[in-house]
Structure formats: C-alpha cells, structure tokens
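Trainee: First the structure, then my questions, so here it is.
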Amino acid sequence: MSYKVITLKQMDQSGHEYLAQHGVEVITSQCDNEAGWIKEIAENQVDGIFCRVDKITPAMMDASPNLKVIAKQGAGLDNIDIPYATSKKIQVVYSPAGNMQTVAEHATMLLLMCAQRYRYVDHQMRGGNFNVRYTLTGTHDLNGHTIGLIGCGRISQCFAKILVNGFGMKAIGYDPYITPDKLQVPIELKATADEVWQQADYVSLHLQSNDETRHSIGYKQFSMMKPSASFINCARGDLIVEADLIRALEEGKIYGAALDVFEQEPLPLDHPFLTMENVVLTPHMGAATQDSVIRCTTTSCEEIVQVLNGQPVAFPGNKL
C-alpha cells in the first residue's frame with residue numbers, strides 16, 4: 001500500500017530519500033497559508049503532514065480522512081493542536097534530541113555576544129570606530145560567572161555542559177519537574193525561580209510554550225536580575241512579555257538581551273528590538289544548521305514510517 005505525506009516547507013533531501021525507500025510519496029506544498037494547505041491536503045488525501053513551525057490546525061486535520069500522522073522537524077510542539085489530533089486518533093511525532101546540541105551551541109554564541117557587547121561593538125566598528133576597545137565597559141569573561149537556567153531539560157543541560165566544562169561557569173537552575181538525580185551535568189537546582197533570576201549573571205530560558213508558561217516572564221522577573229546581567233531566549237517568543245523586556249532594558253534593570261525567538265515572526269521591521277544596541281537578534285535559527293536539519297528530518301521520517309506501519313515510535317508527541 002502506498003502513502004502520501006505533504007511537507008509544508010521544503011524537506012531536506014535525506015527525508016525524501018528515506019520516505020521514497022519505504023514507499024511514501026512526498027508532496028511539497030506550494031502554499032504558505034492555512035487555506036492553501038487545506039486545499040492541498042484535501043486534494044491529495046494525505047496520510048501524513050510534515051512540518052516545522054507552521055500552525056497545524058483542526059481544519060487542516062479535517063481535510064483528509066486518511067491522516068494518520070503529523071511529524072514535527074524539531075522539539076517544540078506548540079504549533080500543533082495536540083488535543084484535537086489526539087481526539088482524531090492522529091499520532092503526533094517529533095525529534096527532540098536531533099537539535100539539542102545545535103540549540104545549545106547557538107545559545108552559547110548569544111551568551112558570548114552579550115558578554116562582549118557584540119551588537120554595540122559591531123555597530124561602532126562599522127561606523128569607523130576601530131578604537132572602541134579603549135572605551136569599552138561592561139564586558140566580561142564567562143569564567144567565574146553564573147549562568148541561570150529557567151527549565152533544565154535536554155537542551156538546557158547540554159548548554160550547561162558547554163558552559164561549565166568549556167568556560168568554567170557555575171550553573172544554577174529551576175525546574176519543578178527535574179530532580180538532581182536526573183541531571184547529567186552539575187546544575188545547582190534552586191527551590192524557586194526567583195533565586196535564579198536574582199543570583200545569575202546571565203539567565204537563559206528553556207521552557208515549552210503552553211497555557212501555564214505563555215507570557216509568564218515579565219517585568220517582575222527582569223526587575224529581579226542584576227543590573228549587569230543579560231537575558232537569553234532560544235525557546236519561544238511568547239514565553240515573555242516583550243514590552244516588559246523592552247522597558248527593563250530601557251530603564252537599565254538589566255544590561256542586555258539576546259533573542260532568537262519572538263512573539264510575532266517574522267519580527268516586524270518597526271519593532272523596537274531592531275534599533276536597540278544592547279539587544280542581539282537572530283531569526284529563529286537556533287536549530288538551523290545542516291547537521292541538525294538532517295538529524296531531525298531523519299528521525300521524524302523514520303517515525304512517519306513507523307506510524308504508517310503500525311509500529312511504536314521513539315518520540316510520541318501525544319498518547320492515543
């Protein structure tokens with residue numbers, strides 16, 4: 001029996017090859033919106049949907065009675081309506097381990113940019129001020145400083161391992177779902193998140209976006225931070241109240257921020273972040289290396305085949 005899978009964005013060639021080897025036809029969408037995807041899903045009566053960060057809605061799931069699996073290339077599942085998929089007996093699968101190292105390395109880069117005031121220095125040098133180093137203040141080595149982790153899952157622990165072993169930082173964290181025996185790296189778990197916000201020189205966010213966490217980080221948390229501290233977010237943009245972060249930066253409550261994710265993506269061209277010299281920005285590319293893409297694509301495509309063949313999957317996103 002042959003199956004059809006639609007990919008909402010171009011799928012890496014490794015995925016095409018793997019699915020073809022297992023008798024699965026890949027249809028690459030020519031659309032970029034829900035209405036177009038619904039039409040394509042209905043016309044092709046697909047058995048699976050392969051996605052990155054695009055929203056998978058109930059209407060899209062209803063468009064094909066054949067739909068059996070939704071596969072996410074990556075870790076976060078907030079773009080998929082999990083309860084509705086579960087109600088329709090559609091298996092959701094994902095690849096949380098495939099981009100772990102990549103996101104951790106990206107967060108490390110952003111941390112170094114904060115420590116060295118990269119955005120400001122780059123702007124000054126491009127303006128002809130090669131001697132900016134003589135008047136530079138607020139820059140620091142990472143060695144001997146403290147990284148604070150809000151959320152201590154896979155990526156967070158990988159990030160801490162790089163910083164503790166590679167740079168000699170101290171790691172503290174808060175995660176109500178993690179106990180010390182579950183940690184693979186030396187993170188000192190705190191009893192409250194407030195302690196992390198107050199004590200760290202850099203605070204990095206590593207939470208999933210859900211009803212409990214969405215917009216849970218705001219002016220209260222930023223006001224707890226040291227005035228010399230910086231904030232890093234490679235998780236999800238809607239975890240924070242962006243207006244509160246802007247206010248904290250403008251008031252000097254914190255020294256800087258480095259962001260890979262935003263409430264609205266693409267980031268609007270009139271957004272205040274774009275003109276702030278104490279903010280480093282990257283376009284949600286924390287998991288976008290070729291190595292990571294191949295790992296995540298391969299894992300998700302393997303799971304698609306497993307679902308279609310009635311086999312158990314390594315990373316189920318819901319329980320049927």
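The values are calculated or read from the model by the stated rules, or taken from the named source; none is laboratory data. Note that the structure is predicted; figures quoted are calculated from it, not measured. With ideal geometry, Cβ positions are generated from the backbone for all residues, glycine too; neighbour counts draw on all protein chains shown.
Trainee: Across segment 245-282, which residue is surrounded by the fewest Cβ atoms within 10 Å (Cβ to Cβ) among those that are modelled with pLDDT of 95 or more, outside any helix (DSSP H, G or I) and more than 22 Å from the chain's Cα centre (by Cα)?
Mentor: Restricting to residues being modelled with pLDDT of 95 or more, outside any helix (DSSP H, G or I) and more than 22 Å from the chain's Cα centre (by Cα), the top hit is Asp270.
Trainee: Restricting to segment 176-217, what's the tally of residues that are of a type in the set (Asp, Glu), over 25 Å from Tyr255 (Cα atoms) and within 23 Å of the chain's Cα centre (by Cα)? First the steps, then the outcome.
Mentor: If we filter segment 176-217 for residues that are of a type in the set (Asp, Glu), which is where we start, we get 181, 188, 194-195, 201, 211-212.
Those still in the list that are over 25 Å from Tyr255 (Cα atoms) too: 181, 211-212.
Going one step further and asking which of them are within 23 Å of the chain's Cα centre (by Cα), we end up with 211-212.
So the count comes out to 2.
Trainee: How about segment 283-320: which of its residues are touching a residue at least 40 places away in the same chain (Cβ under 8 Å), farther than 22 Å from His16 by Cβ and exposed (fewer than 14 other Cβ atoms within 10 Å of the Cβ)?
Mentor: Met285, Lys319, Leu320
So that you can scan it fast, the table gives a plain yes or no per residue for (1) of a type in the set (A, V, I, L, M); (2) over 27 Å from Arg214 (Cα atoms); (3) not in a loop (DSSP other than H, G, I, E, B):
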| position | (1), (2), (3) |
| --- | --- |
| Ser95 | no, no, no |
| His106 | no, no, yes |
| Cys114 | no, no, yes |
| Thr137 | no, yes, no |
| Ile147 | yes, no, yes |
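Trainee: Can you pull out the residues in segment 1-40 that are in contact (Cβ under 8 Å) with a residue 60 or more places away in the chain and touching a Phe, Trp or Tyr at 6+ places or on another chain (Cβ under 8 Å)?
Mentor: Answer for segment 1-40, where residues must be in contact (Cβ under 8 Å) with a residue 60 or more places away in the chain and touching a Phe, Trp or Tyr at 6+ places or on another chain (Cβ under 8 Å): Val5, Met11, Gly15, Val24.
Trainee: Return the pairs, sorted by first residue and then second, in which the second residue is surrounded by fewer than 17 Cβ atoms within 10 Å (Cβ to Cβ) and assigned to a strand (DSSP E or B), the first residue lies in segment 155-178 and is among the aliphatic types (A, V, I, L, M), the beta carbons are less than 9 Å apart, and the residues are 6+ apart or on different chains.
Mentor: What qualifies is Ala171/Glu188; Ile172/Glu188.
Trainee: Give me a count of the residues in segment 25-62 that are hydrophobic (A, V, I, L, M, F, W, C), crowded, with 21+ Cβ neighbours inside 10 Å and part of a loop (DSSP other than H, G, I, E, B).
Mentor: 1
Trainee: Among the numbered conditions (1) in a loop (DSSP other than H, G, I, E, B); (2) in contact with a Phe, Trp or Tyr (Cβ under 9 Å, 6 or more places away or on another chain), tell me where Thr299 comes up short.
Mentor: Unmet for Thr299, out of (1) in a loop (DSSP other than H, G, I, E, B); (2) in contact with a Phe, Trp or Tyr (Cβ under 9 Å, 6 or more places away or on another chain): (1).
Trainee: Could you check Ser14 against (1) within 18 Å of Ser292 (Cα to Cα); (2) at pLDDT 95 or above; (3) buried (at least 17 other Cβ atoms within 10 Å of the Cβ) and say which number it fails?
Mentor: So the condition that Ser14 fails would be (3).
Trainee: Tell me whether segment 46-68 contains one or more residues that are touching a His at 6+ places or on another chain (Cβ under 9 Å), touching a residue at least 60 places away in the same chain (Cβ under 8 Å) and under 27 Å from Cys152 (Cβ atoms).
Mentor: Taking segment 46-68 as the starting set, the residues that turn out to be touching a His at 6+ places or on another chain (Cβ under 9 Å) are 53.
When the remaining residues are screened for being touching a residue at least 60 places away in the same chain (Cβ under 8 Å), the result is 53.
When the remaining residues are screened for being under 27 Å from Cys152 (Cβ atoms), the result is 53.
Yes, segment 46-68 contains a residue that is touching a His at 6+ places or on another chain (Cβ under 9 Å), touching a residue at least 60 places away in the same chain (Cβ under 8 Å) and under 27 Å from Cys152 (Cβ atoms).
Trainee: Give the residue that is surrounded by the fewest Cβ atoms within 10 Å (Cβ to Cβ), with candidates limited to residues of segment 74-86 that are in contact with a helix residue (DSSP H, G or I) (Cβ under 9 Å, 6 or more places away or on another chain) and not aromatic (Phe, Trp, Tyr).
Mentor: To start, the set of residues in segment 74-86 that are in contact with a helix residue (DSSP H, G or I) (Cβ under 9 Å, 6 or more places away or on another chain) comprises 74-75, 78, 81, 84-85.
Filter again for not aromatic (Phe, Trp, Tyr), leaving 74-75, 78, 81, 85.
Numbers: Gly74: 24, Ala75: 21, Asp78: 17, Asp81: 21, Ala85: 23.
Selected residue: Asp78.
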